[in-house]
Amino acid sequence: MSSSYDIAIIGAGSGGLSVAAGAAQLGLKTVLFEAREMGGDCLNFGCVPSKSLIAAADRAHAAAKSGEFGIEASPRVNFPRVMAHVQEVIASIAPHDSVERFERLGAEVVRARARLVGRKEIEADGRRFDARHIVLATGSRPFIPPLDGLSDIPFLTNETIWNLSEQPEHLVILGGGNIGVELGQAFRRLGSEVTIVERHSIMGNDDPEFVEHVRNALREDGVTIRESSEVARASMSEAGPVLHLKAGGTVSGSHLLVAVGRDANIDDLGLDAAGVEADRAIKVDDRLRTSNKSIFAIGDCREGPKFTHAAGYDGGIVVRNTVFRLPAKADWSAMPWCTYTDPELAQVGLTEAKAREAKPDVSTVGASFADNDRARAERRTAGKIKLVLSKGKLVGCTIVGPHAGELIHPWALAMAKGLSVRDITSYIAPYPTLGEVSKAAANGLYRDKLFSPLVRRAVGFLSKLP
Ligand SMILES: Cc1cc2nc3c(=O)[nH]c(=O)nc-3n(C[C@H](O)[C@H](O)[C@H](O)COP(=O)(O)OP(=O)(O)OC[C@H]3O[C@@H](n4cnc5c(N)ncnc54)[C@H](O)[C@@H]3O)c2cc1C
Ligand SMILES: NC(=O)c1ccc[n+]([C@@H]2O[C@H](COP(=O)([O-])OP(=O)(O)OC[C@H]3O[C@@H](n4cnc5c(N)ncnc54)[C@H](O)[C@@H]3O)[C@@H](O)[C@H]2O)c1
C-alpha cells in the first residue's frame with residue numbers, strides 16, 4: 001500500500017530543502033527523500049567547504065603580504081587545522097539543513113534513495129509513496145571524462161578532496177572552471193604547488209577581458225596555468241599522477257583533482273517510468289515542469305544554471321506553482337554568479353560578447369578600482385566594472401576586483417527590477433567605499449552629456465542672468 005502526500009521531494013540539497021521548507025510550513029503534507037547527506041553538495045562538498053578553504057587561504061595570503069602595510073608577519077600553515085576549520089564551518093551550518101529541523105517544520109524525511117515507479121509514484125526504503133506533485137532536486141556529481149588510464153589511477157574530486165589530511169605537495173587540476181580556479185588559488189596560497197590544465201581557456205563563461213585579471217593574479221600567486229592543453233591519457237608514476245598532453249609533454253604532480261564539469265544525477269531515477277524526458281539533464285518548461293506536468297525539476301539536475309542560489313530560486317517558483325497554484329515562471333536572465341578567486345569575478349545578465357550576439361546597439365561604460373579611494377587605502381586597486389547596455393538599457397554588468405560578489409548586488413537588483421543606470425546615480429553612496437565604483441560607472445554614462453557643449457552653453461547663458 002502506498003502513503004499519499006501533497007508533495008514529494010527527491011533530494012535534500014539547496015533546491016529540495018527550499019521547497020520542503022516552504023511546503024511544510026504552509027501546511028502541505030510533505031515527504032523529503034535524501035540518499036546521502038542532508039544539505040547536498042553545497043553544504044557538504046561544494047560552496048561551504050570551498051569558501052571556508054578560501055577564507056583560510058586568504059588569511060595566509062594577507063599575512064604574507066602584510067609587509068606593504070608596515071606589518072611584519074610570516075604565516076605558517078597548519079594544514080590539518082585548516083581542514084578542521086572547514087569541517088567546523090560545515091558542522092555549524094548543518095543543523096539548519098538537518099532532519100530534525102525539517103521534521104520540526106512538519107515534513108516527513110526519509111533517509112533513502114528514491115526512485116520514480118509511475119507517473120505519481122515513488123519507491124524508497126521498501127515503501128511506496130504517491131504524491132500530487134513531485135519535485136526532482138537530485139543535483140549533480142563530478143563528471144569523470146572517459147580519459148584513457150584515468151580510471152586506473154587515484155584522483156580527487158570535489159567530494160573527496162575535503163578528506164585530505166596531508167597537504168598535497170603538487171596539486172594538478174584537470175579543468176579550469178570555477179572549481180579549478182577557486183581551489184587552485186586556495187591550495188597555492190596554503191603552500192601547495194598547483195598546475196591547472198585546461199583544454200580551452202580558464203573561466204570560459206566569463207568576459208575574457210575580466211578573466212585576464214584573474215589569470216594574472218593566479219600567475220602572480222605562482223599557479224601554473226596550461227591553457228589550450230588537451231590531455232590524451234593519464235598514468236601513474238612513483239611520484240604520483242601524470243597527464244600526457246596531446247601536443248606532447250606531460251604534467252605530473254603528487255595529487256590530481258578532476259574538475260571538468262558536472263553530470264546531472266538522473267541515472268536510475270526511473271524517469272522513463274514517470275514519463276520525464278531528459279537529455280544530459282532533465283528538460284523543463286519555464287514553470288520548471290517536466291514533460292510530466294505534475295513533476296517539477298529544479299537545481300543542478302535540470303537544464304540551466306547550476307548555482308545554489310539558482311536552486312533556491314527554482315524552489316520558490318515551484319512553491320508558487322504547487323502550493324499557491326500560481327502559474328509562476330522562472331526567469332534566469334538576472335541570475336548573478338561569482339567566482340571567488342582573489343580578485344573575485346562577478347557577473348549578472350549578459351557579458352559584452354553575449355550582448356553583441358543577441359542585442360542591438362550595444363554600448364559599454366566602466367570604471368576602475370584604481371580611481372577608488374577605499375581600494376587605494378586597502379592597496380587592492382586591480383580590477384574594474386563594466387556596464388553593458390543595449391539601446392541605453394542595462395543588460396549586464398561585470399565586475400572583477402575585491403568583493404565583486406558583494407558589489408554585484410545593486411546591479412542584480414537593477415536587472416531584476418528593470419531599474420535604469422540613472423537610478424544608480426541617484427542615491428548617496430558613503431565615502432570611502434568600494435561600492436562607489438558602481439556609481440562612478442553609472443555617472444560615466446552621463447558625464448559626456450553633462451559636460452557637453454550644449455550644457456556648457458546653457459550654463460554660460462544662465463550665469464549671465466541677473
Ligand atoms: C566545489 C563546488 C563549489 C561550489 N561553489 C558554489 C558557490 O560558491 N556558489 C554557488 O552558488 N554554487 C556553488 N556550487 C554549486 C552548488 O553546490 C550547486 O549548484 C547546488 O548544490 C545545487 O543544489 P541542488 O539542490 O540542485 O543539488 P544538490 O545540492 O547536489 O542536492 C541534491 C541532493 O539529492 C540527493 N539525491 C540524489 N539522487 C537521489 C535519489 N535518487 N534519492 C534521494 N536523494 C537523492 C543527493 O544525495 C543530494 O544530497 C559549487 C559546487 C561545487 C562542486
Ligand atoms: N563560485 C561558484 O559559483 C562556483 C564555484 C565552484 C563550482 N560551481 C559550480 O560547479 C560547477 C563547476 O564545476 P567545474 O569547475 O568542474 O566545471 P565547469 O564546467 O565550470 O568547468 C570545467 C572546465 O573544464 C574544462 N575541461 C573539460 N574537459 C576537459 C578536459 N578533458 N581536459 C581539460 N579541461 C577540460 C572545460 O573547458 C571547462 O573550462 C558549475 O556548475 C558551477 O556552477 C560554482
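General remarks:
- Filter result for Ala84 (within 16 Å of ligand 2 (Cβ to nearest atom), in a helix (DSSP H, G or I), open to solvent by 20 Å² or more (accessible area, probe 1.4 Å) and not assigned by the TED database to the domain that holds Glu378): no
- Of everything in region 163-179 that is in contact (Cβ under 8 Å) with a residue 24 or more places away in the chain and over 23 Å from Val231 (Cβ atoms), the residue that is surrounded by the fewest Cβ atoms within 10 Å (Cβ to Cβ) is Ser165.
- Within region 328-353, being surrounded by fewer than 17 Cβ atoms within 10 Å (Cβ to Cβ), away from ligand 2 (no atom under 16 Å from the Cβ) and within 20 Å of the chain's Cα centre (by Cα) holds for Asp331, Ser333.
- Residue in region 144-153 that is within 13 Å of ligand 1 (Cβ to nearest atom), assigned to a helix (DSSP H, G or I), touching a strand residue (DSSP E or B) at 6+ places or on another chain (Cβ under 6 Å) and touching a residue at least 12 places away in the same chain (Cβ under 8 Å) present: no
- Of the strands (runs of 3 or more DSSP E) lying entirely inside region 195-294, those carrying at least 1 residues that are charged (D, E, K, R) are 224-226, 231-236, 262-264.
- Verdict on Val242 being open to solvent by less than 40 Å² (accessible area, probe 1.4 Å), within 18 Å of Ile202 (Cβ to Cβ) and within 16 Å of ligand 2 (Cβ to nearest atom): no
- Note on region 301-327: among residues that are away from ligand 1 (no atom under 16 Å from the Cβ) and open to solvent by 80 Å² or more (accessible area, probe 1.4 Å), the one that is nearest to the chain's Cα centre (by Cα) is Arg320.
- The one condition in (1) more than 30 Å from Lys386 (Cβ to Cβ); (2) out of contact with any Gly (no Cβ under 7 Å at 6 or more places or on another chain); (3) open to solvent by less than 80 Å² (accessible area, probe 1.4 Å); (4) within 14 Å of ligand 1 (Cβ to nearest atom) that Asp285 fails to fulfil: (4)
- Each residue in region 21-31 was checked for being surrounded by 24 or more Cβ atoms within 10 Å (Cβ to Cβ) and closer than 16 Å to Ala94 by Cβ, and 0 pass.
- Residue within region 129-145 that is open to solvent by 50 Å² or more (accessible area, probe 1.4 Å), more than 16 Å from ligand 2 (Cβ to nearest atom) and over 28 Å from the mean Cα position of the chain (by Cα) present: yes
- Set side by side, the residues Ser50, Ser18, Ser92 differ, and just one is within 10 Å of ligand 1 (Cβ to nearest atom), closer than 21 Å to Ile161 by Cα and of a type in the set (S, T, N, Q), which is Ser50.
- The set of residues in region 416-457 being among the hydrophobic types (A, V, I, L, M, F, W, C), part of a helix (DSSP H, G or I) and at pLDDT 80 or above consists of Ala416, Val421, Ile424, Val437, Ala440, Ala441, Ala442, Leu445, Leu454.
- Among (1) open to solvent by 30 Å² or more (accessible area, probe 1.4 Å); (2) assigned by the TED database to the domain that holds Thr341; (3) of a type in the set (S, T, N, Q); (4) over 24 Å from Lys359 (Cα atoms) - the single one Asn443 does not satisfy: (4)
- Only one of the listed residues (Ser18, Ser74, Ser3) is more than 16 Å from ligand 2 (Cβ to nearest atom), free of Cβ contacts under 8 Å to residues at least 12 places away in the same chain and among the polar types (S, T, N, Q). That residue is Ser74.
The values are calculated or read from the model by the stated rules, or taken from the named source; none is laboratory data. Keep in mind that what you see is a predicted model, and the values were worked out from it rather than measured. Here the Cβ is made from the backbone with ideal geometry for all residues, glycine too, and neighbour counts use every protein chain on show. Please note that ligands, DNA and RNA were not included when accessible areas were found on the heavy atoms of the full protein model with its side chains. Shrake-Rupley method; radii C 1.70, N 1.55, O 1.52, S 1.80 Å.
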